[in-house]
1. Which one of ILE14, THR28, TRP47 has its Cα pushed farthest toward the positive end of the charge dipole of the range 1-51, where Lys and Arg give +1 and Asp and Glu give -1 at the Cβ?
2. Residue by residue, what Karplus-based ³J(HN,Hα) values in Hz, rounded to whole numbers, does the range 44-61 have, using 6.51, -1.76 and 1.60 with θ = phi - 60° and x for Gly and Pro?
Amino acid sequence: MSKNRIITVQNHPITVSLTEVEDYICITDMAAAKPDNSRAADVIRNWLRNRSTLEFLSTWEEMYNLIFKVFESEHFNQDRSSFG
């Protein structure tokens, strides 16, 4: 069963979901704390399109996901290379 608690980071409330095994930090709360008028969904969408983010997620999956499809991940990385 999960429980939530709120932490404050630079005067912004961030939800942390606590489970028996893992803790999860709400990236939507973090993105909503952005100082300009960007929507949290747009901030997250742009972060997920970032080349460094894709490389990190691919590496993470290769290490921890036994059924990860490496060739499909390389397709995403190649597509991103055209965006510089």
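Bear in mind that the values in this text are calculations on the coordinates, not laboratory data. Given the structure is predicted, the values throughout are model-derived calculations rather than measurements. No Cβ is skipped: glycine too gets one built from the backbone with ideal geometry, and neighbour counts run over all protein chains shown.
1. Highest projection toward the positive end goes to TRP47.
2. The phi angles translate into 5, 4, 5, 4, 5, 8, 5, 4, 5, 5, 4, 5, 4, 5, 5, 5, 4, 5 Hz.
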